[in-house]
Amino acid sequence: MKVLVVGSGGREHAMAWKLAQSNKVERVYVAPGNGGTAGEAKCENVESPGGDPAKAEVQEALAVFAKNAGVDLTVVGPEAPLAADIAGRFRAAGLAVTGPGAAEARLESSKVYAKSFMEKYGIRAARSAAFTGAAEALAAVQSRFSAGAETGAAPLVIKADGLAAGKGVVITADQDEAERTIRSFMEDGALGEAGKTLVLEEYLEGREISVLAAVSVRPGQKGTILPFVSARDHKRRFDGDRGPNTGGMGAIAPVPDFNAAAQRDFEEAILLPTLKGMEAEAFDYRGFIFFGLMARGDTCHLLEYNVRLGDPETQAVLPLMDADFAGLCAAIEGGTLGDFSLAWKTGAVCAPVAAAAGYPGAYRGGDRISLDRRAFEKTGAILFAAGAVRDGGAETPGGELETGLRTAGGRVLAVSAWGVNGTEARQKAYQALQAVSFEGMAYRSDIGAA
Ligand code: AMP
Ligand code: GLY
């Protein structure tokens, strides 16, 4: 079987790595991939139809490539190509693809659509209202903050409707900040079209949990949804959840505080109603879904859907999967997910991210990434590259090995280490991270700390 992975991040490296482990898989193409996928066994980056896979012409070129190369299945990593209907385009060309089409991808690409879906199917979520005009949104903010100290004191969450690369959600502390945010999104067009419509949402306290799941729903048929082990991203840049938001500074799986009662609550209040909603809407949803949860005690609320696997959650979750990932992707696509037996390894994975100095602000690239291979291998960790490109390094006599990688992005790489429990996983992950170095390497030292 030949597989094509679309994307270039750490998530896609982890997907390619896991796909390549399958006996069924002879080749994994990654478009465009990164320096890590270029060096992975059985993997090959696809440069020729290059460019951004969210663009229609690149998607057309990739479909031609997939046909010519005899690709049996394409698995899409990021949201932007899905929102731009790469799955619809591939299916129209007779190609098998794991990932939802643009209509279903609105669960992520439109917050307004996602909130209306949650409401329609009784999925437990934060209370919210959608606005298409700044005047109405500002009026709603004014009446909320004048309604009394009790509600007015709590933060208000403002969400741009469209995809905004992590910049579309602002947790505003007071009326002034809420009004400024609304003006900047709706009047000044700070996020372009994405911010012209927005959602005002109540703020929820709690601990965030990510649940990724495989979904196979076809119109007129009963669907299947299989949740993965839980994971937790660490979105703020600095230890103790301080500092600016990032794409994710590290992940753990599973989440120790997501206990059996909370899992049951999630299934009843969120997971199963989501599946019912997809069936009722006659979705053709063959792909992954990501539930962004806020848990307080054993009660879960849904903050958001993503129509793909999470990054960096995938780098922590896939090393725990005790099943053939290529087989899983094929079962999702072929409608046989109900017969697939998805199993998980015991223990835990901790996956801290190493970022370039300055990230998430301006950062430089081009620094050599080196690795003390012996020290790294002792930990059994895996290195998943993200913002890193291949550079043809060479082994040095002392055992120091240039990885052959140079930095080329904000989040440069993640190391994923397994342990019998979270504590051991964390210890091994940080040991592994000590074996990696590049100029200005920056990371959080509390990924997975309780
Ligand atoms: P989203 O893009 O919806 O995932 O939002 C980004 C981040 O904002 C989430 O991961 C949460 O940390 C935070 N967030 C979103 N909605 C809420 C909410 N209603 N209450 C508290 N935090 C939220
Ligand atoms: N880790 C959050 C995301 O992938 O959106």
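The values are calculated or read from the model by the stated rules, or taken from the named source; none is laboratory data. None of the values given here were measured: they were computed from a predicted structure. Neighbour counts run over all protein chains shown; Cβ positions are idealised from the backbone, glycine included. Ligands, DNA and RNA are stripped out before the accessible areas are found, and what is left, the full protein with its side chains, is counted by its heavy atoms. Shrake-Rupley method; radii C 1.70, N 1.55, O 1.52, S 1.80 Å.
For the residues LEU107, LEU138, LEU156, LEU73, the requirement of being more than 16 Å from ligand 1 (Cβ to nearest atom), out of contact with any Cys (no Cβ under 9 Å at 6 or more places or on another chain), among the hydrophobic types (A, V, I, L, M, F, W, C) and open to solvent by less than 60 Å² (accessible area, probe 1.4 Å) singles out LEU138.
Given ALA231, ALA295, ALA282, which one is open to solvent by less than 30 Å² (accessible area, probe 1.4 Å) and touching a Pro at 6+ places or on another chain (Cβ under 8 Å)? Show your work before the answer.
Values: ALA295 fails: touching a Pro at 6+ places or on another chain (Cβ under 8 Å); ALA282 fails: open to solvent by less than 30 Å² (accessible area, probe 1.4 Å).
Criteria check complete, one pass: ALA231.
Within the stretch 197-213, being assigned to a strand (DSSP E or B) and away from ligand 2 (no atom under 16 Å from the Cβ) holds for LEU198, VAL199, LEU200, GLU201, GLU202.
Check the stretch 255-262 and report whether any residue there is within 16 Å of ligand 2 (Cβ to nearest atom) and surrounded by 15 or more Cβ atoms within 10 Å (Cβ to Cβ). Quick ask: steps written out before the conclusion?
Initial filter on the stretch 255-262 (within 16 Å of ligand 2 (Cβ to nearest atom)): 255, 258.
Remaining after also requiring surrounded by 15 or more Cβ atoms within 10 Å (Cβ to Cβ): 255, 258.
Scanning the stretch 255-262, I find at least one residue that is within 16 Å of ligand 2 (Cβ to nearest atom) and surrounded by 15 or more Cβ atoms within 10 Å (Cβ to Cβ), so the answer is yes.
Being among the aliphatic types (A, V, I, L, M) and modelled with pLDDT under 95 holds for only one residue in ALA432, ALA417, ALA449, and it is ALA449. Residues that are closer than 30 Å to ASP265 by Cβ, at pLDDT 90 or above, touching a strand residue (DSSP E or B) at 6+ places or on another chain (Cβ under 9 Å) and open to solvent by 70 Å² or more (accessible area, probe 1.4 Å) are absent from the stretch 180-197 altogether. The residue pairs whose first member lies in the stretch 30-46 and is over 15 Å from LYS2 (Cβ atoms), whose second member is open to solvent by 10 Å² or more (accessible area, probe 1.4 Å) and of a type in the set (Lys, Arg), and whose beta carbons are closer than 9 Å, counting only pairs six or more residues apart or on different chains, are ASN34/ARG390; GLY35/ARG390; GLY35/ARG406; GLY36/ARG390; ALA38/ARG390; GLY39/ARG390. Identify, please: which residue in the stretch 55-70 is of a type outside the set (Lys, Arg), touching a residue at least 12 places away in the same chain (Cβ under 8 Å) and open to solvent by 30 Å² or more (accessible area, probe 1.4 Å) and is, among those, farthest from ligand 1 (Cβ to nearest atom)? Taking the candidates together, the pick is GLY70.
Sort through ALA194, ALA147 and tell me the only one that's aliphatic (A, V, I, L, M), free of Cβ contacts under 8 Å to residues at least 40 places away in the same chain and within 16 Å of ligand 1 (Cβ to nearest atom). If you could, list the steps in order and put the result at the bottom.
Values: ALA147 fails: within 16 Å of ligand 1 (Cβ to nearest atom).
Exactly one residue qualifies, and that residue is ALA194.
Apart from one condition, LEU309 fits all of (1) of a type outside the set (Gly, Ala, Ser); (2) under 22 Å from ALA253 (Cβ atoms); (3) open to solvent by 10 Å² or more (accessible area, probe 1.4 Å); (4) in contact with a Lys or Arg (Cβ under 7 Å, 6 or more places away or on another chain); the exception is (3).
The one condition from (1) under 24 Å from ARG106 (Cα atoms); (2) outside any helix (DSSP H, G or I); (3) more than 16 Å from ligand 1 (Cβ to nearest atom); (4) open to solvent by 10 Å² or more (accessible area, probe 1.4 Å) that GLU267 does not meet is (2). Among residues belonging to the stretch 214-228 that are open to solvent by 30 Å² or more (accessible area, probe 1.4 Å) and in a strand (DSSP E or B), point out the one that is farthest from GLY422 (Cα to Cα). That would be THR224.
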